[in-house]
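Chemist: I am attaching a structure below and will ask some questions about it afterwards.
The values are calculated or read from the model by the stated rules, or taken from the named source; none is laboratory data. Since this is a predicted model, take the numbers as computed values, not measurements. Don't worry about glycine lacking a Cβ; one is built from the backbone with ideal geometry, like all the others, and counts go over all protein chains shown.
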C-alpha cells in the first residue's frame, strides 16, 4: 500500500467514507515521501481499556465531561489518548483547547504534542499545527476495527525543514493568486 492510501485510511476511519479531500492527503503523503514528516504506528492502549471507557460513558453520560465533544466512541478514544500521554510523562493535558484555529481532541499544554481521534474531516489541520504551533508530534488515532487487539495511533513527527517548506508553499500560493489577479486587469 502506498503512503497516500495508508494516510487516507488513517484520517478517514470508522463509518465515515472518504469524501475526496485528496489535496491534504496527497500533501501529507508527499511530505512523508520527501522526509519532511516521519510517521509510524504506535500502540495507544488496549482494546479492553477503550471498552472500559466506552462502557462507563454508556452507563453514565457525564462520567467524563472533561473529554466533551463527539460521540461516546470519540470520547473513549480521547480518554485513551490522554492516558497514553500520561504514560509518556505528559502531565498537563487539555481537551478541545483552541490551537492554531482548531480544537484538537487532546494536547499537552504547550502544543508540542497534539492528538486527533477518529475520523478527521480536515487533515490539513495537522499541517497547521506543525506550521503555526510549537508542535513536534501529531498523533492520529483512527477508530478501531473488530480484529484490533490494541488501539493503534499513527505518530507524525516534524523533520528538519518542514516549517520552512510549509511557509514557502504558502508564499508560492499567495504569489500565484496575485499573478492570476494581475492577469485579469
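Chemist: Might you check whether a residue that is buried (at least 17 other Cβ atoms within 10 Å of the Cβ), assigned to a loop (DSSP other than H, G, I, E, B), on the phi < 0 side of the Ramachandran plot and touching a helix residue (DSSP H, G or I) at 6+ places or on another chain (Cβ under 8 Å) occurs anywhere in segment 104-118?
Modeler: Looking through segment 104-118, at least one residue is buried (at least 17 other Cβ atoms within 10 Å of the Cβ), assigned to a loop (DSSP other than H, G, I, E, B), on the phi < 0 side of the Ramachandran plot and touching a helix residue (DSSP H, G or I) at 6+ places or on another chain (Cβ under 8 Å).
Chemist: Something else: Looking at (1) surrounded by fewer than 17 Cβ atoms within 10 Å (Cβ to Cβ); (2) at pLDDT 90 or above; (3) more than 17 Å from the chain's Cα centre (by Cα); (4) closer than 29 Å to residue 158 by Cα, which is the one condition that is false for residue 50?
Modeler: If we test residue 50 against (1) surrounded by fewer than 17 Cβ atoms within 10 Å (Cβ to Cβ); (2) at pLDDT 90 or above; (3) more than 17 Å from the chain's Cα centre (by Cα); (4) closer than 29 Å to residue 158 by Cα, just (1) comes out false.
Chemist: Given (1) touching a helix residue (DSSP H, G or I) at 6+ places or on another chain (Cβ under 8 Å); (2) surrounded by fewer than 15 Cβ atoms within 10 Å (Cβ to Cβ); (3) under 29 Å from residue 164 (Cα atoms); (4) modelled with pLDDT under 90, identify the lone condition not met by residue 4.
Modeler: For residue 4, the failing item is (2).
Chemist: Is it fair to say residue 70 is surrounded by 15 or more Cβ atoms within 10 Å (Cβ to Cβ) and either at pLDDT below 90 or in a strand (DSSP E or B) (or both)?
Modeler: yes
Chemist: Let me ask another. Which residue out of 163, 178, 184, 149 is touching a helix residue (DSSP H, G or I) at 6+ places or on another chain (Cβ under 7 Å) and modelled with pLDDT under 90?
Modeler: Exactly one of 163, 178, 184, 149 is touching a helix residue (DSSP H, G or I) at 6+ places or on another chain (Cβ under 7 Å) and modelled with pLDDT under 90, namely 149.
Chemist: List the number of the failed condition for residue 157; all other conditions in (1) surrounded by fewer than 18 Cβ atoms within 10 Å (Cβ to Cβ); (2) at pLDDT below 90; (3) closer than 30 Å to residue 52 by Cα hold.
Modeler: (2)
Chemist: Within segment 133-144, can one find any residue that is surrounded by fewer than 24 Cβ atoms within 10 Å (Cβ to Cβ), out of contact with any helix residue (DSSP H, G or I) (no Cβ under 6 Å at 6 or more places or on another chain), at pLDDT below 95 and not in a loop (DSSP other than H, G, I, E, B)?
Modeler: Scanning segment 133-144, I find no residue that is surrounded by fewer than 24 Cβ atoms within 10 Å (Cβ to Cβ), out of contact with any helix residue (DSSP H, G or I) (no Cβ under 6 Å at 6 or more places or on another chain), at pLDDT below 95 and not in a loop (DSSP other than H, G, I, E, B), so the answer is no.
Chemist: Considering only segment 7-47, how many residues are modelled with pLDDT of 90 or more and in a loop (DSSP other than H, G, I, E, B)?
Modeler: Going through segment 7-47 one residue at a time, the tally reaches 3.
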